[in-house]
Structures are given as C-alpha cells and as structure tokens.
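What follows is a short report on a single structure.
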Amino acid sequence: MREEGVEKLRGVVRDCVSKHLYSSAIFFADKVAALTSDPTDIYMLAQALFLGRHFRRALHLLNSSRIVLRDLRFRYLAAKCLEELKEWHQCLVMLGDAKVDEAGNVDGLKGCEAMYLDKDGEDHEINIISAICFLRGKAYEALENRAQARLWYKAAVKADPLCYEALECLVENYMLTCEEETSLISALQFAPEDSWLSTFYSCLIKKYEKENVVESKFAELEKESCHIGPPDPSSIHTLKNNSDLLACKAEYYHQCGEYQKCLELTSMLLERDPFHMKCTLVHLAATMELGRSNELYLMACNLVRDYPQKALSWFAVGCYYYCIKKFDQARRYFGKATNLDGTFPPAWIGFGNAYAAQEESDQAMAAFRTGARLFPGCHLPTLYIGMECMRTHNFKLAEQAKSICPSDPLVYNELGVVAYHTKEYQKAVRWFEKTLASISYSLSEMWEPTLVNFAHALRKLKMYREAISYYEKALALSTRSLSTYAGLAYTYHLQDDFNSAITYYHKALWLKPDDQFCTEMLTLALEDECYRGTDLRK
C-alpha cells in the first residue's frame, strides 16, 4: 500500500473517532499500525482501543511497545487504562517516581524523554506534565490519601492553569483553605490572552471579599466578548449568560443570605440548562432555606429518576424530609448519599444536622468530624461542631473554624455567642462588631439574630441606648422575632420606661402567647407602672 493510502486510512480513523464509531476506528487503526509499525500509529490504535473501552487490550499494546516508559504520551495513556481498571497502585507505578512539595512544585518527571511527545509548548494543548500530575492526584484520592492528592492537584494547576479539572477537584472537595485558594490563584502563570480566566478562577473559589470587589469581577467577566465576522453589534457575544458564571453568581448570593435572589437566578438557569449539577445544588440549598417543601419534593423526584446513582439525588430527598421536619427519613437519605459518594460535603453536613435536630449529639458530632477530616478547607463542619458543643455547654471548639476560613462572618458570630454564654460580654461585643464589619454586602434577614445577639450583649453591659438601637435594626430586618421584642421590652423595663416595655411585651406575647418570661415580666411592668402612677398622684 502506498503512503497516500496509509494517510487516507489515518484520516478514516480520525473521522471514525470523531463520529464515535470506535469499532471501525479500531479496525482501521489496527491495519495502519501493522503496515507502518510507527509509534504514532501504535498510539493511535491504543487511543481507539481506550475510547472503545478495551482497556486491557490497550494496556497490553502499550506495554508491548518498547517506548512506553520513554514517551510521556504512551505512559500517560497506559496509566489512564489502569485508572479505568481501578488498579490505582499500578497506575502510580506506571506514572513513574516523582515528588511534589507543599507549594506544588514537582521533581522527577522532567527527566523523561519525549520522543513522540506532542509539542506541549503550544497554547492550544494542555501540558502533558499537568495531565500526569492530575492523574496522580486522582489515584491518591482513590487510595484515600487526600493529603497527597491535594499536592498533586495543586501541581497540575501550576503546571498548566488550563487544567481546570484539577482546580475543580481542589475547590469542590474543599481541599484548600480560603488563604490557600487565593494564594494558588495568584501564583498561576496565565498567558496575556487568558487574563479573563484568572478572573473566572477567582470567582470560583470562596467569595468572602468586599461586595464591590466580587461584583466588579462578575461585571468584568460579563463584558468579556468575542467578535465574530464583520464589525456588527449583533455579532458580539459575551459571557453574561454563561451557565457556569450564572451558577457562580447564584452561589455568591446564597453565601450572602440573599436566598430569594439566588433562587430567582437558579430557576432561570435551570429552565435553560436543567441538568447543570452545580446550579442544581445551589438551587436545592436556596429552596430549602426558604422552606419550599413542594419544590424540593419535585426536584428530588426528578433527580432520583434521572440520576439514581448520584449522591446529589438522594441528598435532595434528604433535604425534602429535613424541610418537613421528618428527621429520621432525612437521616436515612443523607446517609445513602454519603454511601454513594463519601466525598460529597453537603451530605455529611446534612447528616450531622439531621442528628442535631433530634438532639442526638454524639452521632451529629461523628458526622461533623468526618466532614472536617475529609474536607479540611471547609470550615462549616468545624463550625457546626462548635455549635453542637455550645448546645451541650462546651464552649471551646468554635475557634478552630476561624483558622480555616477567617473571612466568614458566621464564624465570628458563633465566637460572639460563645463569649456571651461564658459571660465575657466585652469580648462578645467585639466579636459581634467584627461580624458586622466582615459582612461585605447589605444586611439581610439572615443576620437578624446577630443584631439581636449584639443588642443582648450591649444590654448586659448596661449600654441601653446602643442596645435599643440594634434591637430596632433587627426589627427592620424581621418583625416576627420573639427574642427581639422581648429583649427590647426588657431593655426599656431596665430603664424604667414601663409604658414602652409593656408595649413590646404585648408584641412578644402576640407572637407566642404562652412565653413564660414575657408573661411574668409584663405583670411586673404593669405593677411598676401602677406604683409609679400612685406615687405621682401622691
């Protein structure tokens, strides 16, 4: 066969692969490799076998090649076969000896020759070193060595910032703290034309910066455009309606406590892209916060029907039962989600909260501790451990969450609550001040308890005027809080403003007519007002 005929067959193989006709691709690639014995054609056959899911055969072909340990492409594809066969130790052996330091710098891979290696310096290709580092990370994670997995994922992103999957593993699995995420993004070397990607990555990580900083990043990405064809406004396309960017924005709104805003955005996005998993998770969280059990039920049914093997589906079922306060069933389905995917953070947090809702402290703590161990970059399990300890009057563990995510106002709020319970009121006031200063967006109803707690602490310090001011700010966010009305009434009572105290005790009792504290204090306030009236007449 002439060279022209061989080249035509190579084109047929490439076309078969692009049309997903893998058996045809294998048939013709096998003939080309037999005719030429060229390493490039052997690699093409191995690739076709891999795509056709003939992993053992592809691995045997690659191992039979005399260059498998000298060409990074061959070695990487052989390791991918071992990954699919779940032979993780052999996968690491195939990838070779290499070491990585805490900063993600690799030693031991660059000594390998690359006789037939694609030119990895070209911008349109992902660096093969980055792909190898990522695969090593996956192997270590499968072997439950998450510390090593974290280092190799960092190495993969540093070797090539275009290796998004490695960053996704680090962020979605909470392998890095806030500071580590920020440090990693700032250390990446982007090409000048990829500056937009740097901004996009900084939006993917935890978003606890000032509101104007985060919003400006979103605005910058929304303006990122591509001009197609002749200059014409209709030919300009932007990232404004990109699904990933909208999901990222919705995640930010959820973090801010803007649940209604978050739900509106996720609802719009899911109408357009109903199978966007990240958006679905945020939509579930916002729906649950707003207590919309009917929507949760419908979502859970659809997810279980479409994705019965995904942890997210059973997590959704657990959310529905948690929302309607059937905590036994919620626990069962959160547990099923963790069994399907032990690295799904929301399921562990839901599992712990379902136990905590029934005051089963030991089981709740076990779930939260597992979450804290598996997801060192997520401060929420540690925060919930601290909250559970507070419920059982052990006020020591909330500090740990601060070291993982020092920017989250919720952490400072809980530290303030701890200080309040230990009667360190000055310290409590400082923590609550820091909480409010750390909120980088406008106050929503989510922060009403913080304002009430702050007012309680100020009242304990006899700073009555300031306390009243914060109670009133809390009322501006929510008018259905018994604690706010009771605290405001009691503060007025301590100032001998019995008329105002009586008014707010009545408002508190309108919300909860059988509240013992307000009932007793209202009686005292009425008596005090009567005595004062008698004294005035005398």
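The values are calculated or read from the model by the stated rules, or taken from the named source; none is laboratory data. No experiment lies behind these values; they were computed from the predicted model shown. Glycine also receives a Cβ, built like all others from the backbone with ideal geometry; neighbour counts cover every protein chain displayed. The area values use the complete protein model at the heavy-atom level, side chains included, leaving out ligands, DNA and RNA. Shrake-Rupley method; radii C 1.70, N 1.55, O 1.52, S 1.80 Å.
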Check: Is it the case that Ala457 is more than 21 Å from Phe432 (Cβ to Cβ) and touching a residue at least 12 places away in the same chain (Cβ under 8 Å)?
Finding: no
Margin query: Taking the conditions exactly as written (at pLDDT 85 or above and not in a helix (DSSP H, G or I)), does Lys396 satisfy them or not?
Written below: no
Note to self: Which numbered condition in (1) at pLDDT 95 or above; (2) open to solvent by 50 Å² or more (accessible area, probe 1.4 Å); (3) in contact with an Asp or Glu (Cβ under 7 Å, 6 or more places away or on another chain) is the only one that Leu135 fails?
What the structure shows: (2)
Notebook entry, point to check: Can you tell which of Tyr43, Tyr22 is free of Cβ contacts under 8 Å to residues at least 60 places away in the same chain and closer than 18 Å to Cys81 by Cα?
Noted result: Tyr22
Next item on the list: Sort out for me the helices (runs of 4 or more DSSP H) sitting completely within region 162-204 that have 1 or more residues that are polar (S, T, N, Q) and either surrounded by 18 or more Cβ atoms within 10 Å (Cβ to Cβ) or touching a helix residue (DSSP H, G or I) at 6+ places or on another chain (Cβ under 7 Å) (or both).
Entry: 195-204
Margin query: Just to be sure I understand the filter: pairs with C-beta atoms under 7 Å, separated by 6 or more residues or on different chains, first member in region 176-202 and aromatic (Phe, Trp, Tyr), second member open to solvent by less than 30 Å² (accessible area, probe 1.4 Å) and not in a helix (DSSP H, G or I). Which pairs pass?
Written below: Phe190/Pro161
Item checked: Residues satisfying the stated conditions in region 160-188, i.e. of a type in the set (S, T, N, Q) and more than 17 Å from the chain's Cα centre (by Cα) -> Ser183, Ser186
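Results for (1) within 22 Å of Gly377 (Cα to Cα); (2) basic (Lys, Arg); (3) at pLDDT 95 or above, shown as yes or no for each residue.
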{"site": "Asp273", "(1), (2), (3)": "no, no, no"}
{"site": "Lys278", "(1), (2), (3)": "yes, yes, no"}
{"site": "Met288", "(1), (2), (3)": "no, no, no"}
{"site": "Cys301", "(1), (2), (3)": "no, no, yes"}
{"site": "Ser313", "(1), (2), (3)": "no, no, yes"}
{"site": "Tyr321", "(1), (2), (3)": "no, no, yes"}
{"site": "Ala330", "(1), (2), (3)": "no, no, yes"}
{"site": "Thr343", "(1), (2), (3)": "yes, no, no"}
Item checked: Which listed residue, of Ala525, Ala486, is within 30 Å of Pro409 (Cα to Cα) and open to solvent by less than 80 Å² (accessible area, probe 1.4 Å) -> Ala486
Notebook entry, point to check: For region 205-221, which residues satisfy the criterion of being in a helix (DSSP H, G or I), open to solvent by 40 Å² or more (accessible area, probe 1.4 Å) and more than 20 Å from Leu176 (Cβ to Cβ)?
Noted result: Glu211, Asn212, Glu215, Ser216, Glu220
Note to self: Test of understanding: among Leu443, Leu451, which residue is assigned to a helix (DSSP H, G or I) and touching a residue at least 12 places away in the same chain (Cβ under 8 Å)?
What the structure shows: Leu451
Check: In region 277-347, which helices (runs of 4 or more DSSP H) lie fully inside it and hold 3 or more residues that are farther than 18 Å from Glu251 by Cα?
Finding: 293-306, 311-323, 327-340
Notebook entry, point to check: Taking into account only those residues within region 367-384 that are surrounded by 21 or more Cβ atoms within 10 Å (Cβ to Cβ) and of a type in the set (Ser, Thr, Tyr), which is modelled with the highest pLDDT?
Noted result: Tyr384
Note to self: Tell me the residue from Lys310, Lys325 that is among the basic types (Lys, Arg), out of contact with any strand residue (DSSP E or B) (no Cβ under 9 Å at 6 or more places or on another chain) and at positive phi, please.
What the structure shows: Lys325
Checklist line | Scan of region 462-510 for residues that are modelled with pLDDT of 90 or more and basic (Lys, Arg), ordered by number | finding: Lys462, Arg465, Lys473, Lys507
Notebook entry, point to check: Residue check: is Lys473 free of Cβ contacts under 8 Å to residues at least 60 places away in the same chain and in a loop (DSSP other than H, G, I, E, B)?
Noted result: no
Checklist line | Tabulated pairs, region 47-67, first closer than 10 Å to Cys81 by Cα, second assigned to a loop (DSSP other than H, G, I, E, B) and open to solvent by 20 Å² or more (accessible area, probe 1.4 Å), C-beta under 7 angstrom, 6+ apart or interchain | finding: Phe55/Leu85
Margin query: For region 438-472, give me the residue count where each residue is of a type outside the set (Asp, Glu), open to solvent by 30 Å² or more (accessible area, probe 1.4 Å) and out of contact with any Phe, Trp or Tyr (no Cβ under 9 Å at 6 or more places or on another chain).
Written below: 7
Item checked: In region 247-291, residue most open to solvent (accessible area, probe 1.4 Å) [restricted to those that are under 19 Å from Arg305 (Cα atoms) and touching a Pro at 6+ places or on another chain (Cβ under 9 Å)] -> Leu281
Checklist line | Any chance Thr523 is over 30 Å from Gln426 (Cβ atoms) and at pLDDT 90 or above | finding: yes
Next item on the list: Identify all residues within region 49-67 that are of a type in the set (A, V, I, L, M), under 26 Å from Ala156 (Cβ atoms) and surrounded by 21 or more Cβ atoms within 10 Å (Cβ to Cβ); write none if there are none.
Entry: Leu49, Ala58, Leu59, Leu62
Notebook entry, point to check: Within region 325-343, is even one residue buried (at least 23 other Cβ atoms within 10 Å of the Cβ), within 22 Å of Glu414 (Cβ to Cβ) and over 16 Å from the mean Cα position of the chain (by Cα)?
Noted result: no
Check: Does Phe74 satisfy the criteria of being over 20 Å from Ser24 (Cα atoms) and crowded, with 17+ Cβ neighbours inside 10 Å?
Finding: yes
Margin query: It is to be established whether one or more residues within region 10-22 are within 25 Å of Glu125 (Cβ to Cβ), touching a Ser or Thr at 6+ places or on another chain (Cβ under 8 Å), assigned to a loop (DSSP other than H, G, I, E, B) and modelled with pLDDT of 95 or more.
Written below: no
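What number of residues within region 254-304 are under 21 Å from Asn241 (Cβ atoms) and touching a residue at least 24 places away in the same chain (Cβ under 8 Å)? Break it down into steps so the answer makes sense when it comes.
Keep residues of region 254-304 that are under 21 Å from Asn241 (Cβ atoms), which gives 254, 258, 260-283, 286.
Next, only the ones that are touching a residue at least 24 places away in the same chain (Cβ under 8 Å) stay: 254, 258, 260, 262-263, 269, 272-273, 275-283, 286.
Result for region 254-304: 18.
Scanning region 62-86 for residues that are assigned to a helix (DSSP H, G or I) and small (Gly, Ala, Ser), which turns out modelled with the lowest pLDDT? Outline the logic, then answer.
Initial filter on region 62-86 (assigned to a helix (DSSP H, G or I)): 62-64, 72-84.
Filter once more, keeping what is small (Gly, Ala, Ser): 64, 78-79.
Working: Ser64: 91, Ala78: 96, Ala79: 96.
Step by step, filter region 62-86, then rank; the result is Ser64.
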